[in-house]
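Undergrad: My questions all concern the structure below.
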Amino acid sequence: MRNRMWGLAVLGCLSMGQAAALTADGQKVPYFGLFGTYELSDANRASDNGYGFQATIGYPITERGSLEFSYLGIQRNRVFDNHLDYKNAITLDYLHDFGFYQFSSKLLPTFKPYLLAGLIGVQEDVRGEKTYHPGLNAGAGLLFPLRIGSWDWGWAIRTEGKVFAQYNDKDTPPADRQAIVDYHFQIGLQIPLSIVTHHTAVAPPVADCSLSVVNPVTGRTDCVADSDRDGVPDGEDQCPGTPAGTKVDDKGCPVSPGDADGDGVLDVDDQCPNTAAGIKVDAKGCAIEQTAILKSVNFENASAVLTGQATKTLDEIGQLMTSQPNIKVEIGGHTDNVGADAYNLTLSQQRAESVRQYLIGKGVDAGRMTAQGYGKTMPIETNDTAVGREANRRVELKIGLE
């Protein structure tokens, strides 16, 4: 029996793969967990406390809830002859989590508290006699994401405590009682079973074609038709037939002649060159007071680390501020409503400060910029849809003039 228990544990370890942890990223991805278990056994068992393992398969059914099916194996030493008793159980639990919590100090870990409850079926092997019992189990725990630098496959550490109560026939072991209550304490590793989503994408082979189209904005190369050879595929070209050599925007339409920064003011009249894309200007080409959403400024999941596309946009903002020294800005960080209020507020502040520090590194005077996190308090769309939540996760630039 002992060999069978540890054989199952080894098999469980070998079956682990890569993916994201239990609803940590808002994904409905099935997951697997393997736990070491310590049991505080009911005093009526006439045995020492037990130890063993639990293997769990779970599937998120809502944004906060999951169903879990588990196998549990426990063994104990009998106090009067030092032989072993065994308990094997299957459980079906509902687990409800309460979102991620993060301390203000980066030295303390992010965690997700949860509660669980469910039904159990137990097979007892006590003093060589096998018996079967129904029961209930309930408990609470914490999930800690495993993130090391940029390494994040969504693995997590789970630790939990449970009350394990079974109905017992008075005429059968383990005790002359109708109810046996044990307490289980577990710690283990949980991984999602979605392998593909976290593998590094392999670049497709370069197509062998007679015409290679390079998008002037994104730099993407495609084998598609580009009749006027302006770098924009025919399917996206809103101004077909552009004469050869004409400078075009990402829609394939000619850029205003002599307007290098594309702000609508000709270079000969532009007193503030290098205006960032999307910034409103006056007749002189200088930025006016406004609040602009920096749509391309995004961050890695659940962190304040800027993406590559974000740095390109912020380089343009840096050029704007160095060329127009009368500008002062407030950098506002905003989140959706997923997660605890305190966590969202802290994350939004960290993201706003990350943008500020990047611009300081580009030579912008720190005294001209403030960073303010607003968390989920100022949505611009509904948080009831994925599209709305994506719009609410944003960085805004509130431009003022001295």
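Undergrad: Tell me, please, whether a residue that is among the β-branched types (Val, Ile, Thr) and at pLDDT 80 or above can be found in region 34-55.
TA: Step one: filter region 34-55 for residues among the β-branched types (Val, Ile, Thr), giving 37.
Now narrow it down to the ones that are at pLDDT 80 or above: 37.
The answer is yes; a qualifying residue exists.
A quick yes/no check of all residues on (1) touching a helix residue (DSSP H, G or I) at 6+ places or on another chain (Cβ under 9 Å); (2) among the hydroxyl-bearing types (Ser, Thr, Tyr); (3) farther than 20 Å from Ala302 by Cα; (4) in the same structural domain as Phe185 (by TED's automatic domain parsing):
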{"residue": "Asn49", "(1), (2), (3), (4)": "no, no, yes, yes"}
{"residue": "Phe80", "(1), (2), (3), (4)": "no, no, yes, yes"}
{"residue": "Asp85", "(1), (2), (3), (4)": "yes, no, yes, yes"}
{"residue": "Asp97", "(1), (2), (3), (4)": "no, no, no, yes"}
{"residue": "Tyr101", "(1), (2), (3), (4)": "yes, yes, no, yes"}
{"residue": "Gly121", "(1), (2), (3), (4)": "no, no, yes, yes"}
{"residue": "Leu136", "(1), (2), (3), (4)": "no, no, yes, yes"}
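Undergrad: Would a scan of region 375-391 turn up a residue that is under 25 Å from Lys284 (Cα atoms), in a loop (DSSP other than H, G, I, E, B), at pLDDT 90 or above and not aromatic (Phe, Trp, Tyr)? Full working, then the answer.
TA: First, the residues of region 375-391 that are under 25 Å from Lys284 (Cα atoms): none.
So far as region 375-391 goes, no, none of its residues is under 25 Å from Lys284 (Cα atoms), in a loop (DSSP other than H, G, I, E, B), at pLDDT 90 or above and not aromatic (Phe, Trp, Tyr).
Undergrad: Then there is this: Could you tell me whether Ile148 is free of Cβ contacts under 8 Å to residues at least 24 places away in the same chain and among the β-branched types (Val, Ile, Thr)? Explain how you work it out, then say what you get.
TA: Details: free of Cβ contacts under 8 Å to residues at least 24 places away in the same chain: yes; among the β-branched types (Val, Ile, Thr): yes.
Against the criterion (free of Cβ contacts under 8 Å to residues at least 24 places away in the same chain and among the β-branched types (Val, Ile, Thr)), Ile148 qualifies.
Undergrad: Can you pull out the strands (runs of 3 or more DSSP E) entirely within region 83-168 that have at least 3 residues that are within 26 Å of Gly375 (Cα to Cα)? If you could, list the steps in order and put the result at the bottom.
TA: Numbers: elements: 84-97, 112-126, 129-145, 156-167.
The qualifying strands (runs of 3 or more DSSP E) are 112-126, 129-145.
Undergrad: Right, here's the next one. If I filter region 267-305 down to residues being among the polar types (S, T, N, Q) and farther than 30 Å from Ile148 by Cα, which single residue comes out as nearest to the chain's Cα centre (by Cα)?
TA: Restricting attention to region 267-305, the residues satisfying the condition of being among the polar types (S, T, N, Q) are 271, 274-275, 290-291, 296, 298, 301, 303.
Imposing the further condition that a residue be farther than 30 Å from Ile148 by Cα reduces the set to 271, 274-275, 290-291.
Numbers: Gln271: 44, Asn274: 36, Thr275: 34, Gln290: 32, Thr291: 28 Å.
Within region 267-305, the match that is nearest to the chain's Cα centre (by Cα) is Thr291.
Undergrad: State yes or no: is Leu108 under 30 Å from Gln349 (Cα atoms) and among the hydrophobic types (A, V, I, L, M, F, W, C)? Lay out the reasoning, then the answer.
TA: Details: under 30 Å from Gln349 (Cα atoms): yes; among the hydrophobic types (A, V, I, L, M, F, W, C): yes.
It is true that Leu108 is under 30 Å from Gln349 (Cα atoms) and among the hydrophobic types (A, V, I, L, M, F, W, C).
Undergrad: Then there is this: With respect to Thr370, determine if the residue is at pLDDT below 90 and within 30 Å of Lys284 (Cα to Cα). Quick ask: steps written out before the conclusion?
TA: Working: at pLDDT below 90: no; within 30 Å of Lys284 (Cα to Cα): yes.
No, not satisfied.
Undergrad: Looking only at region 38-66, count every residue that is surrounded by fewer than 20 Cβ atoms within 10 Å (Cβ to Cβ), over 22 Å from the mean Cα position of the chain (by Cα) and polar (S, T, N, Q) and tell me the total.
TA: 2
Undergrad: Of Ala287, Ala302, Ala244, which residue is exposed (fewer than 15 other Cβ atoms within 10 Å of the Cβ) and either at pLDDT below 80 or in the same structural domain as Glu381 (by TED's automatic domain parsing) (or both)? I'd like the intermediate steps shown before the answer.
TA: Values: Ala287 fails: exposed (fewer than 15 other Cβ atoms within 10 Å of the Cβ); Ala302 fails: exposed (fewer than 15 other Cβ atoms within 10 Å of the Cβ).
Sole residue among the options that is exposed (fewer than 15 other Cβ atoms within 10 Å of the Cβ) and either at pLDDT below 80 or in the same structural domain as Glu381 (by TED's automatic domain parsing) (or both): Ala244.
Undergrad: Would you check if there is a residue in region 259-266 being more than 39 Å from the chain's Cα centre (by Cα), crowded, with 17+ Cβ neighbours inside 10 Å and within 24 Å of Asp315 (Cα to Cα)?
TA: Scanning region 259-266, I find at least one residue that is more than 39 Å from the chain's Cα centre (by Cα), crowded, with 17+ Cβ neighbours inside 10 Å and within 24 Å of Asp315 (Cα to Cα), so the answer is yes.
Undergrad: Scan region 67-115 residue by residue and report those that are modelled with pLDDT of 90 or more, β-branched (Val, Ile, Thr) and surrounded by fewer than 19 Cβ atoms within 10 Å (Cβ to Cβ).
TA: Hit for region 67-115 is Ile90, nothing else.
Undergrad: Right, something else. Please enumerate the residues belonging to region 302-344 that are touching a residue at least 60 places away in the same chain (Cβ under 8 Å) and part of a helix (DSSP H, G or I).
TA: Within region 302-344, Ile317, Ala342, Tyr343 qualify.
Undergrad: Would you mind finding the one in Ala292, Ala283, Ala277 that is over 30 Å from Trp153 (Cβ atoms) and assigned to a strand (DSSP E or B)?
TA: Working: Ala283 fails: assigned to a strand (DSSP E or B); Ala277 fails: assigned to a strand (DSSP E or B).
Selected residue: Ala292, the only one of Ala292, Ala283, Ala277 that is over 30 Å from Trp153 (Cβ atoms) and assigned to a strand (DSSP E or B).
The values are calculated or read from the model by the stated rules, or taken from the named source; none is laboratory data. Quick caveat: nothing in here was measured; it's all calculated off a predicted structure. All Cβ positions, glycine included, derive from the backbone under ideal geometry; neighbour counts span all protein chains shown.
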